[in-house]
1. Can you tell me the length gained on complete extension of the stretch SER87 to ALA36, counting 0.36 nm per residue apart and subtracting the Cα distance?
2. Residue by residue through the stretch 64-71, which ³J(HN,Hα) values in whole Hz follow from phi under the Karplus form 6.51 cos²θ - 1.76 cosθ + 1.60 (θ = phi - 60°), with glycine and proline marked x?
3. In whole Hz, with x marking every Gly and Pro, tabulate ³J(HN,Hα) for the stretch 78-87 from phi via Karplus 6.51 cos²θ - 1.76 cosθ + 1.60, θ = phi - 60°.
4. With label points built 7 Å along Cα→Cβ from the Cα atoms of ARG109 and THR142, find their separation and express it in nm.
5. Can you run phi through the Karplus equation (6.51, -1.76, 1.60; θ = phi - 60°) for the stretch 92-102 and list ³J(HN,Hα) in whole Hz, with x for Gly and Pro?
6. Non-local amide H neighbours of ALA65 (under 5 Å, H modeled in plane, Pro and chain starts lacking H): which ones?
7. Return the FRET efficiency for the residue pair ASP47, ASP69: r is the Cβ-Cβ distance, R0 is 35 Å, and the value is rounded to the nearest 0.05.
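Each value in this text was obtained by applying a stated rule to the coordinates, not by laboratory testing. Keep in mind that this is a model prediction, so the values were computed, not measured. Note that we place each Cβ from the backbone using ideal geometry, even for glycine, and neighbour counts take in every protein chain shown.
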Amino acid sequence: MRRVPFVLAAFGAVVATAAPASADGAGSGWAPAPSAAWAYPAGARCDFAVQGSPVVDEVVRRTLAVYEDGTKVVEYKGDLVVRVVNSSTGASYDADASGRAVVEIRPDRSQSWYVVGPILAGFGEGGGNVARGLYTVDGAYTLDVSATGYKTLTLLRGSTDSLCDRVS
């Protein structure tokens, strides 16, 4: 398949890139990629209701490739800090999610993420190879999301930090 070498080469570029060409990405095909606030009821990610909203959101994206079958390869970068709040107690934690990623998005809605640095990832009960929860994942890793939403996290080098524990 021709896509795999391209995506891996783009991932290599993400790993090798020390700094963006310009802070706002202007003139380089980058466009804002704002993050929406979210909320989960008790039991969906944590034992309690939890919500999050960006307090810093400078994420931008650019399309690297579009294939005839509709598959897109998109790169994301930029500062993102999400305030995660326990809806019952008000306890909060500001989570850094400023990783850089190349994401292959297929027409069936499945995705493959190639990431360096931190992102937030939520897993429902039985919804992946990681226990139910909300995590900061940091390091170098892949995250595959099937067409049904099942998530497979493969850490090449890195760690996970439970945000449910941080705000419990």
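1. 16.6 nm
2. 8, 7, 9, 9, 4, 7, x, 5
3. x, 6, 8, 10, 10, 7, 9, 10, 6, 5
4. 2.3 nm
5. Result, rounded to whole Hz: 9, 8, 8, 9, 6, 10, 8, x, 10, 9, 10.
6. Amide H neighbours of ALA65, under 5 Å, 5+ apart: VAL73.
7. With R0 = 35 Å, the Cβ-Cβ based efficiency is 0.25.
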